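Since the structure comes first, as structure tokens, the remarks are kept for the end.
The values are calculated or read from the model by the stated rules, or taken from the named source; none is laboratory data. All figures in this text were calculated on a predicted structure; none of them were measured in a lab. Cβ coordinates were reconstructed from backbone atoms using ideal geometry, including for glycine residues, and neighbour counts include every protein chain displayed.
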Amino acid sequence: MANLTVVNVDDEYPALQLVKQYCSQLEDVELLASFQNPEEALDFLKVNKVDLVIFDINMPRINGVELLQQLPDRPLCIFLTLESKYAVKAFELDVVHYLVKPVDFETFKKAINKAKDFLQFKSSANNRNQEDYIMFKSNYVMNKVFLKDILWIQGFGEYIMLMTPLKKYMILERMSNFEEKFHDFGFIRIHKSYIVLSEHINSYDSGSVYLKNGEQLPLGRTYKKTLKEHLG
């Protein structure tokens, strides 16, 4: 596996040193740079592509949330901060994890592994070959699933449950990200919590979508028009 490239931004030098120490203990993790000055970090990130940025939030001149919002090609992000009050805003920005200082090594390692899983899924989605399959980790095992075999997807916050005829998988991925990546393949949102592969739809009525295998899924009122247009 290729290295997960990391940049750390924190105005506190001891925090930078701790992250440096933790990263040095992890396989396939390369800490490219550390910055106490968020403006210098912004300049670096505008011209250097990285996989993951670990941000403090309360920093002078530019806080971590503002810094993330200013990045033109947004990398994965973990917030590492003293305060928990920004957690909701952080997850609105699709951060991988929100860590509250002090953080022990095992907690830090789990957050990094989440970032690796996100990157693996993104790489698989962006590099599909003619067979149209995705590779992802679920229950600590790498799985290969053909897109045509996915019946439907249900969202659970930062996770999705992917249902196939033989098995279901819980994956660390946001539903909105999956919908954006695979809309052209025929996946369509039918409810705030459900996406369906259109070729598996048999029929629908005012409140439900019926699949060819007999399953029934809810149809959200705001998605009826889009479904009708998609199915013709």
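Remarks
- Test: residue in region 6-14 that is under 22 Å from residue 158 (Cα atoms) and either surrounded by 16 or more Cβ atoms within 10 Å (Cβ to Cβ) or of a type in the set (Asp, Glu) (or both): yes
- Residue that is modelled with the lowest pLDDT [pool: residues in region 113-142 that are among the aliphatic types (A, V, I, L, M) and buried (at least 17 other Cβ atoms within 10 Å of the Cβ)]: 125
- The condition of being in the same structural domain as residue 156 (by TED's automatic domain parsing), surrounded by 14 or more Cβ atoms within 10 Å (Cβ to Cβ) and on the phi > 0 side of the Ramachandran plot holds for only one of 186, 214, that being 186.
- Residue within region 190-199 that is of a type in the set (Ser, Thr, Tyr), under 18 Å from the mean Cα position of the chain (by Cα) and surrounded by fewer than 19 Cβ atoms within 10 Å (Cβ to Cβ) present: yes
- Search result, residues across region 34-60 that are of a type in the set (A, V, I, L, M, F, W, C), in contact (Cβ under 8 Å) with a residue 24 or more places away in the chain and over 14 Å from residue 4 (Cβ atoms): 35, 41, 42, 44, 45, 55, 57, 59
- Residue check, residue 85 basic (Lys, Arg) and under 20 Å from residue 159 (Cα atoms): no
- Boolean, residue 180 is more than 22 Å from residue 133 (Cβ to Cβ) and either of a type in the set (Asp, Glu) or surrounded by fewer than 18 Cβ atoms within 10 Å (Cβ to Cβ) (or both): no
- Extreme residue, modelled with the lowest pLDDT, among residues of region 143-158 that are surrounded by fewer than 16 Cβ atoms within 10 Å (Cβ to Cβ) and under 14 Å from residue 193 (Cα atoms): 157
- The single condition from (1) part of a helix (DSSP H, G or I); (2) closer than 30 Å to residue 87 by Cβ that residue 148 fails is (2).
- Filter result for residue 193 (of a type in the set (S, T, N, Q) and under 26 Å from residue 119 (Cβ atoms)): yes
- Some residue of region 80-87 being on the phi < 0 side of the Ramachandran plot, at pLDDT 90 or above and of a type in the set (Gly, Ala, Ser): no
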